[in-house]
Amino acid sequence: MIVNRKPLTFWEKLYLPAIVGGFKVTIRHAVRSLFGGKTVTMEYPEQKWAVPADYRGAPYLVKDQDGNTKCVSCQLCEFVCPPKAIKIIPPGPAGRPADRSNAEKMPQEFEINMLRCIFCGLCQEVCPEEAIFLQKDYSLTGLSREEMIYDKEKLLALGGVHGGIQKWKQKLEEAKEQETFPVKV
Amino acid sequence: MNWSFIIFSVVKIAIVIGVVQGMVAYAVLAERKISAWIQDRVGPNRCAPPFVKAIPGLGPVLIRLGLFQPLADGLKFMLKEDFTPAGVRKVYFWLAPAIAVIPSMLVIAVIPFGSQLGHQQMVIANLNVGILYTFGIVSLGVYGIVLAGYAANSKYPFLGGIRSSAQMISYEISMGMSVIPVFLIVGNLNLNQIIGWQAQHGWLALYSPVSFIIFLVAAFAETNRLPFDLPEAETELVGGYHTEYSSMKFALFFLGEYSNMIASAGMMVTLFFGGWTLPFWGLDHPATTPVAGIAHILVFVVKMLLFMVLFIWVRWMFPRFRYDQLMDLGWRKFVPLALVNILVTAVVLWVMS
């Protein structure tokens, strides 16, 4: 295809209208960003992205409403973890008992190596106790490799309380209802 | 020639060089800030030594303006590895950055940046042939770039050097011819006398606007600023003539470019906008009190800074010229225009006398 180019008119050859136009456009943008504060820059550490609801960030351990550790040290997440980022040390026969009822044990140590973690979410999916969740954190930084291995205390502190889910409580009430016979349906 | 002359000259040289270096550093910051604002960005706003944050109220504002960025930039240039590629021609490679800086510094020597402080004239060298000296020195500036392109022994710097030599030589002609009407009108080559004439009769930009426009455009071309930045066209030539340079040698090219900008801004103020004079507040005759002397220096600096802002501003308005367009504009538009301008001015002056 041949595009016929129109020869420039006298005014266009002088470049003057284009120069004036250039000044106008640039001053408009400069004034807008200088006095109106309308910049396209997001100043990152102070301003952050709004993370979508189903975002898969770093996996953290969560506590239930009563502040008890949910994890029962079943080690399913450790087995399922594709990059082997999770390491769980179970309490053993002589270990501390779980700090809540309806749980046999809780982990003595629970480590996630955030340098290995690929944020796949399989741990969250496999967890029978709903004790580990991928949360919103996407910016994990540290000054050493050791610092990037998060231990149980850190994971629990970062995970916080995950309200609304206490599946054993519901099961307990169901079981209690079934103790009276005949069962009401 | 006596001792006090030498001592005062050395002091003036030291102060002027110090101020120009500082202005270069902050011109880079201004460039970054203004380009950021024009492009709806924020620009440097983080860098600061730790104690600044502690200043209540003022500290965050200073950091926000990025006022400490030039210090960090300078430090970075000092500390970077000074790498010399294997294939370069060593002597020229070392010589080129110096040759790029020195002419721009020398030009500043004849620019009157104020009237008088005490009995000292505020100009380093009050030459009778000031403007001729300027053009002589400015034309040396091209050697730094050509040598840099040649010394690097690599394709892209070489192309940058070639383009630059052609461009600077072409525009020097129209630049030189554009100021001839100024001398026809004033009848003197001494920059102080030109300023004195303007204080009496009004700014020369009003008498000879065509001269001013040609000089302005040629100054853009001479300083390799957009839209005439062909020698260092990043998109075409990697970095242009300074591709192979690193660390302080690279910084010297930057210094040269920005001091060139400062020098040509100073020349434009002196030749066309009355130098250190203002037509009101009694600032149009040489100062008798120190306060007036300082006011004159401030007037000059402010006018110069306005031109610096123009230099930076224009950068974000135009696309780069193609090589043939550049040559066409230089030789087939500006040279004839400058000639006609000389002729018309001469005829008008002849008729009026």
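The values are calculated or read from the model by the stated rules, or taken from the named source; none is laboratory data. Source: prediction; values computed, not measured. So basically every Cβ, Gly included, is an ideal-geometry build from the backbone, and we count neighbours across all protein chains shown. Quick note on the areas: whole protein, heavy atoms, side chains included, nothing else; ligands and nucleic acids left out. Shrake-Rupley method; radii C 1.70, N 1.55, O 1.52, S 1.80 Å.
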statement: The correct ranking of A:S101, B:S170, B:S246 by accessible area at 1.4 Å, largest first, is A:S101, B:S246, B:S170
message: In whole Å, what are the extents of the range B:151-221 along the principal axes defined by its C-alpha atoms, from largest to smallest?
response: 54, 21, 15
message: Probe radius 1.4 Å, ligands and nucleic acids left out: which of B:Y258, A:Y44 has the largest accessible area, and how do the rest follow?
response: A:Y44, B:Y258
field: Long-range HN-HN contacts of B:L117 with modeled amide H, under 5 Å
entry: B:M122
message: Can you give the local net charge around B:L62? Use residues other than it whose beta-carbon is closer than 15 angstrom to its beta-carbon, Lys and Arg +1, Asp and Glu -1.
response: +4
statement: Once phi for every residue in the range B:196-207 is put through the Karplus expression 6.51 cos²θ - 1.76 cosθ + 1.60 (θ = phi - 60°), the whole-Hz ³J(HN,Hα) values, with Gly and Pro written as x, are x, 4, 5, 4, 7, 9, x, 5, 6, 4, 7, 6
query: When the C-alpha atoms of the range A:59-173 are aligned to their principal axes, what extent does each axis show, in angstrom, from largest down?
result: 46, 32, 23
- request: Starting from the Cα of B:S154, step 7 Å along the direction of its Cβ; do the same at A:F35; then give the gap between the two resulting points in nm.
  value: 4.6
query: How large is the convex hull of the Cα atoms of the range A:1-76 per residue, expressed in Å³ as a whole number?
result: 250
- line: So the FRET efficiency between B:A346 and B:V291, C-beta based with R0 = 41 Å and rounded to 0.05, is 0.45
field: log₁₀ of I(q)/I(0) at q = 0.07, 0.11, 0.12 Å⁻¹ - the protein assembly as shown, Debye sum with one point per alpha carbon
entry: -0.60, -1.04, -1.18
statement: The simple spin-label model distance between B:D40 and A:K13, using points 7 Å out along Cα→Cβ, in nm, is 3.7
message: Sequence gap at least 6, Cα distance under 8 Å: using those rules, report the relative contact order of chain A to the nearest whole percent.
response: 24
field: Computed lengthening from B:Q21 to B:L62, 0.36 nm per intervening residue step minus Cα-Cα distance
entry: 12.7 nm
statement: Between A:L143 and B:R320, Cβ-based FRET efficiency (R0 41 Å, step 0.05) works out to 0.40
- request: Rank these residues by their accessible area, most exposed first, probe 1.4 Å: A:E104, B:E222.
  value: A:E104, B:E222
query: Taking +1 at the Cβ of each Lys and Arg and -1 at the Cβ of each Asp and Glu, which of B:S247, B:F334, B:L117 sits farthest along the dipole of chain B towards its positive end, judged by Cα position relative to the Cα centre?
result: B:S247
- prompt: With Cβ to Cβ distances under 15 Å as the rule, what net charge do the other residues near B:S247 carry (K, R +1; D, E -1)?
  reply: -1
field: A:E173/A:E46 FRET efficiency (R0 60 Å; Cβ-Cβ; nearest 0.05)
entry: 0.80
query: Where in the range B:248-275 is the amide nitrogen less than 18 Å from a point lying 7 Å along the Cα-to-Cβ axis of B:C47?
result: B:248-259
Average other protein chain Cβ within 10 Å of Cβ, residues A:36-43: 3
query: Extension gain B:K80-B:L95, at 0.36 nm per residue separation less the Cα-Cα distance, in nm?
result: 3.5 nm
- request: Could you give the spread of the C-alpha atoms of chain B along their three principal axes, from largest to smallest, in whole angstroms?
  value: 63, 55, 49
query: For B:E172, what accessible area in Å² do you get when you roll a 1.4 Å probe over the heavy atoms of the protein chains, rounding to the nearest 10?
result: 40
- request: Please report the orientation-averaged projected area of the range A:4-44, defined via the convex hull of its C-alpha atoms, in nm².
  value: 4.8
statement: If the chain between A:A53 and A:S101 were fully extended at 0.36 nm per residue, the gain over the current Cα-Cα distance would be 14.1 nm
field: Relative contact order, percent, the range B:84-352 [alpha-carbon distance under 8 Å, six or more residues apart]
entry: 28
With DNA, RNA and ligands ignored, accessible area of A:L172 (1.4 Å probe; Å², nearest 10): 80
